[in-house]
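K.L.:
Below you will find the structure I want to go over with you.
Nothing in this text is a laboratory measurement; each read-out follows from the coordinates by a stated rule. It should be emphasised that the depicted structure is a prediction, and the values quoted were computed from it without experimental measurement. Quick reminder, even Gly has a Cβ in these numbers, built from the backbone with ideal geometry, and neighbours come from all protein chains shown.
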Amino acid sequence: MTTSKYDRNKNNYRQILHIDMDAFYASVEKRDNPELEDKPVIIGGSRRGVVSTCCYKARKYGLHSAMPMYRAQRLCPHGVYLRPDMDKYRRVSQEIKKIFLEFTPLVEPLSLDEAFLDVTGSLNLFGDAVNIAEKIQTQISDQLQLTCSIGVATNKFIAKVASDLKKPAGLTHVPTGKEQDFLAPLPVDKLWGVGEKTTARIKSRGYHTIGELQQMLAKAQNINSLAKSFNITEDTLLLAKGYDDREVVPEEPPKSIGQEKTFAQDLTAGSQYNQLIPHLLKFSEQVGARLRKAGYKGKTVTVKIRDSRFKTWTKQKTVPETDQDKEIYAHAQELLQNMNLKPSDEIRLLGVTVSNLVSSTQQQLSLDMSNEQYEKEQQLQWTLDEMREKFGDDAIRRARLIFPQEQK
């Protein structure tokens, strides 16, 4: 039999928590507005957008995340539909993270509403992992009036699966040595990296539960070849045996977020930089979207160009902190104009970077933008981000971003 690095789970002494806030955005809104307590609350964009999340009362009507908003409104016409307040959710997320850090420095956020914690080194201080999980639930409830569901296990995969089983406000513990028993009755699509097509492929071979995969693995002579036959990695297949050696990696804030491109063919700068401006705008939008997703704003905008002779220029300026596409683009355009390129200059590379990052949990208005304008711009950006996240970067584009070769 071919041996594997996973023939024994060398890290089964670890104690990992996966913490998932329950219907986070909707729960925050209900907490802040008691009139919403007994109503189905749905968070999302415009009617042409999708549901970001919804409370459990709304889910009884068949609503779920990523559902088109128009369909949600048909299923639950009496629901309360709210635009997301991302700044508020980020602030609450930071408050939740502070609670996590009281128990361990090993916190790996996955998003605003979920994280992995490695509490192995905290057991002597706070008791066993289940006790720590209960304390975290209590503190979140008492201090923030919110609930979370927690999975406790020896690795990240098992903990994440466990956290989803008893929502809301659930706690599921998978003891050391019971990982395979826990997974056995679950469907194969619970394995990370196994989507619809792979699930269909595995089921077509007669394996419907993870337990059936475990039985097959026990007889396998070559696990790597078996994984290839399913068109998945060996690591993914061995999740069925409960093996996952990935560490909990604490978040390190990025120093900058940027986007650049080396063009397949050099671009001439053109009159008023008309060949470069569409790319500059697109990069500004991409950088803005990544800033918002990561929860940062930046105070420095930099534009970089490289010509056909491989000479590189950069220009940067300090700006009021921003994560808004229009503001990033305006600053980038000004920097590009200040480079004094000739219309005939051939440009090989163009890039936009935002650095000197700060948390976006505190709102700072643009000097020329009112509260109402800021709110509208935030909602527009969120809707655009939502559409691009679901349908791709080209799902919706500004007219300026229809490049000449696409025009007819």
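K.L.:
May I ask for log10 I(q)/I(0) of the range 179-241 at q = 0.17, 0.23 Å⁻¹, from a Debye sum over the Cα atoms as equal point scatterers with solvent left out?
P.N.:
Those come out to -0.47, -0.92, one per q.
K.L.:
Computed over the Cα atoms of the range 115-245, what is the ratio Rg over Rh, Rh following Kirkwood?
P.N.:
Looking at the range 115-245, the ratio lands at 1.05.
K.L.:
Here is a further query. For GLU102 and LYS228, calculate 0.36 nm times their separation in residues minus their Cα-Cα distance, and state this gained length in nm to one decimal.
P.N.:
Here the answer is 41.0 nm.
K.L.:
May I ask you to compute the full-extension gain from ASP164 to SER355, defined as 0.36 nm times their residue separation minus their alpha-carbon distance, rounded to one decimal in nm?
P.N.:
65.1 nm
K.L.:
Can you give me the distance in nm between label points at SER65 and LYS203, each placed 7 Å from the Cα along the Cα-to-Cβ direction?
P.N.:
For SER65 paired with LYS203, the spin-label model returns 2.2 nm.
K.L.:
Have a look at PHE103, THR138, ILE19 and report the one farthest towards the positive end of the charge dipole of the range 16-173, computed about the Cα centre with Cβ charges (Lys/Arg +1, Asp/Glu -1).
P.N.:
ILE19
K.L.:
Let me ask something else about it. Modelling each spin label as a point 7 Å along the Cα-to-Cβ direction, I'd like the GLU346/LYS178 distance in nm, to one decimal.
P.N.:
That separation, rounded to one decimal, is 6.9 nm.
K.L.:
While we're here: Quick one: which of LYS282/LYS304; LYS135/LYS255; LYS30/LYS326; LYS282/LYS317; LYS203/LYS228 span more than 22 angstrom between C-alpha atoms?
P.N.:
LYS135/LYS255; LYS30/LYS326
K.L.:
Now for a different question. Principal axes first, then extents: for the Cα atoms of the range 16-173, list largest minus smallest coordinate on each axis, whole Å, largest first.
P.N.:
Over the range 16-173, Cα extents along the principal axes are 52, 27, 23 Å.
K.L.:
Only loop residues by DSSP count here, and only those with at most 14 other Cβ atoms within 10 Å; note down the GluC sites (Glu not before Pro) in the range 210-272 that meet that.
P.N.:
Answer by residue number: GLU247, GLU251.
K.L.:
With a 10 Å Cβ neighbour count serving as the proxy for reagent exposure, in which order, fewest first, do THR104, THR199 appear?
P.N.:
Fewest to most other Cβ atoms nearby, the residues stand as THR199, THR104.
K.L.:
Using mean Cβ contacts within 10 Å as the protection proxy, how do 349-360, 311-322, 168-179 order, highest first?
P.N.:
349-360, 168-179, 311-322
K.L.:
Using +1 at the C-beta of Lys and Arg and -1 at the C-beta of Asp and Glu, which of GLY79, CYS55, SER122 has the Cα lying farthest in the positive direction of the dipole of the range 53-123?
P.N.:
Positive-most Cα among the choices belongs to GLY79.
K.L.:
Further question on the same structure: Considering every Cα-Cα pair within the range 257-359, what fraction, in whole percent, is farther apart than 20 Å?
P.N.:
32 percent
K.L.:
With +1 on each Lys and Arg Cβ and -1 on each Asp and Glu Cβ, and nothing else charged, work out how big the dipole of the range 103-183 is about its Cα centre, in Debye to the nearest 20.
P.N.:
Using Cβ point charges on Lys, Arg, Asp and Glu, the range 103-183 gives about 100 debye.
K.L.:
Another one. If all Cα-Cα distances of the range 91-163 are sorted into 5 Å bins from 0 onward, what percent lands in each bin, rounded to whole numbers?
P.N.:
Histogramming the range 91-163 at 5 Å steps yields 3, 16, 30, 30, 17, 4, 0 percent.
K.L.:
What's the local net charge at GLU247, with K and R +1, D and E -1, over the other residues with C-beta under 11 Å away?
P.N.:
Neighbour charge sum, excluding GLU247 itself: -1.
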